[in-house]
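Take a look at the structure below.
The values are calculated or read from the model by the stated rules, or taken from the named source; none is laboratory data. Not measured: the values here are computed from a predicted model. With ideal geometry, Cβ positions are generated from the backbone for all residues, glycine too; neighbour counts draw on all protein chains shown. Ligands, DNA and RNA are stripped out before the accessible areas are found, and what is left, the full protein with its side chains, is counted by its heavy atoms. Shrake-Rupley method; radii C 1.70, N 1.55, O 1.52, S 1.80 Å.
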Amino acid sequence: MKDIIDKVLPNPAHKALAKFNVPVITMNIDGLHKKAGSKDLIEIHGNLENVYCPKCKNVYDFNVVRKSIKCPHCNLVLETNVVLYGDQIAKYEDAINLIRSADELLVIGTSFYTSTSSNMVHIANLYGVKVTIINKKAEEKVPIYLNELLNRNKVN
Ligand SMILES: [Zn+2]
């Protein structure tokens, strides 16, 4: 998976969100929002950039596991920060606070297969945050939507 992730590039939707400095909450672990240049980014399911030792807490570049999956310092099996089924989402509260403070929540390219994305929509509704869902052809529609939104704001 890491080999594939390292080769893929951000699509026009990733790039548009970065270009317009739209804060991003992503459930993807592919790092494409960071590659696109998004700065205000919450990767709620983690990423595959680094691994860490659960004992000494040393953090290593992910590629260290290509040589050994054990910590060079204390020989324990290294872990990723990827959230798996049953794990707690460490950054969930940050995501909720971002949604609560937003004018609008764009839900882009989600299947709503996990409850995480559905819950975020419910939270937005609870706090009166407008919700816009862009799923089909998101990589084409998001840049157009953001351009239109920017132009609308310039007029007002
Ligand atoms: Zn260690």
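Some observations on this one:
- Each helix, a run of at least 4 DSSP H residues, gives -39500 (n - 2.57); summed and divided by the residues of the chain, these come to -11000 deg cm²/dmol at 222 nm.
- Additional length obtainable on full extension of the chain from residue 4 to residue 114, 0.36 nm per residue less Cα span: 37.3 nm
- Listed residues 85, 145, 127 arranged by accessible area, highest first, probe 1.4 Å: 85, 127, 145
- Over 32 Å apart at the Cα level, from the set 57/141; 55/91; 19/55, are 57/141; 19/55.
- When only alpha carbons are used to place a centre, region 89-156 and region 27-77 end up 26 Å from one another.
- Ellipsoid fit via the Cα gyration tensor, the chain: semi-axes of 33, 18, 13 Å, each the root of five times an eigenvalue, largest first.
- Legend: residues 26, 80, sorted from most to least accessible area (1.4 Å probe; ligands, DNA and RNA excluded), read 80, 26.
- Spin-label pair residue 75-residue 49: with each label point 7 Å from Cα along the Cα-Cβ axis, the two points sit 3.2 nm from one another.
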